[in-house]
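Input: a single structure, listed below in structure tokens.
The values are calculated or read from the model by the stated rules, or taken from the named source; none is laboratory data. Everything numeric in this text was worked out from a predicted model, so none of it was measured. In this analysis, Cβ positions are derived from the backbone assuming ideal geometry, glycine residues included, and neighbour counts consider all displayed protein chains.
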Amino acid sequence: MSFCCVGTLPITANRTDYGKPEEALQYVAHLAVLKGIPILAVLGNHDYECGQADRVTEILERYGVRVLDGTAVEVHGVGFAGVKGFAGGFGDRLLQPWGEPVLKQFVHEAAEKAIKLESALAKLTTSTRVVLLHYAPIVDTVLGEAPEIIPFLGTSRLEEPINRYGATAVFHGHAHHGAVEG
Ligand SMILES: [Fe+2]
């Protein structure tokens with residue numbers, strides 16, 4: 001049984017830097033070599049840059065990639081719950097919805113993604129559950145990044161549903177110089 005996770009797009013020569021549909025088309029052209037292997041993905045922040053994330057999703061799904069967005073799927077008895085996630089910081093330094101409306105909106109976005117993840121996890125009935133995220137749910141895997149950007153690399157709001165429902169493994173992207181495990 002093999003799985004390939006895209007969305008963080010580990011094949012660096014073939015990624016959607018600006019979320020353009022033509023980038024997605026270039027990317028999926030390389031997926032033919034994975035024929036028969038289930039491919040699950042979550043979008044990343046780059047996929048939103050051009051405001052065409054829906055089109056990018058449509059292209060990926062047309063080529064057999066299952067794009068998870070608060071979605072639960074089961075593949076060969078393994079459950080997967082995926083969502084992009086969002087930023088906001090970690091632990092007792094977590095950004096709170098207080099003050100300016102735009103700041104409350106920022107926190108609301110993170111909370112909404114955590115609810116989506118919770119909803120996906122709640123649907124899984126498998127004993128093995130894997131979570132796919134773009135943003136980090138814990139600070140440990142982003143330590144090593146410049147401290148100034150750590151709150152923008154993820155949020156522990158995503159950790160709450162993972163702890164509540166339990167996960168066998170969690171994978172995330174977004175960080176470039178963090179730690180492999182946390
Ligand atoms: Fe990212």
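Take E160 and tell me if it is charged (D, E, K, R), assigned to a helix (DSSP H, G or I) and either outside the structural domain of H108 (by TED's automatic domain parsing) or under 17 Å from K84 (Cβ atoms) (or both). Spelling it out, E160 is indeed charged (D, E, K, R), assigned to a helix (DSSP H, G or I) and either outside the structural domain of H108 (by TED's automatic domain parsing) or under 17 Å from K84 (Cβ atoms) (or both). Only one of the numbered conditions (1) of a type in the set (S, T, Y); (2) more than 13 Å from the ligand (Cβ to nearest atom); (3) in contact with a strand residue (DSSP E or B) (Cβ under 7 Å, 6 or more places away or on another chain) is violated by S156, and that is (3).
All conditions but one from (1) within 15 Å of the ligand (Cβ to nearest atom); (2) modelled with pLDDT under 95; (3) hydrophobic (A, V, I, L, M, F, W, C); (4) assigned to a loop (DSSP other than H, G, I, E, B) apply to L43; the one that does not is (2). Of the candidates V142, V78, the single residue that is more than 15 Å from the ligand (Cβ to nearest atom), farther than 30 Å from E22 by Cβ, at pLDDT 95 or above and surrounded by 16 or more Cβ atoms within 10 Å (Cβ to Cβ) is V78.
For every residue, the table says whether it meets (1) at pLDDT 95 or above; (2) more than 16 Å from the ligand (Cβ to nearest atom); (3) surrounded by 14 or more Cβ atoms within 10 Å (Cβ to Cβ); (4) basic (K, R).
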site: L94; (1), (2), (3), (4): yes, yes, yes, no
site: A111; (1), (2), (3), (4): yes, yes, yes, no
site: T168; (1), (2), (3), (4): yes, yes, no, no
site: H172; (1), (2), (3), (4): yes, no, yes, no
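Of all residues in region 124-138, none are in a helix (DSSP H, G or I), away from the ligand (no atom under 15 Å from the Cβ) and hydroxyl-bearing (S, T, Y).
The test for being at pLDDT 95 or above, crowded, with 22+ Cβ neighbours inside 10 Å and within 16 Å of the ligand (Cβ to nearest atom) does not hold for L117. Only one of the numbered conditions (1) surrounded by fewer than 21 Cβ atoms within 10 Å (Cβ to Cβ); (2) under 19 Å from P38 (Cβ atoms) is not met by L68, and that is (1). Among the residues of region 77-114, those identified as of a type in the set (A, V, I, L, M) and free of Cβ contacts under 8 Å to residues at least 24 places away in the same chain are V102, L103, V107.
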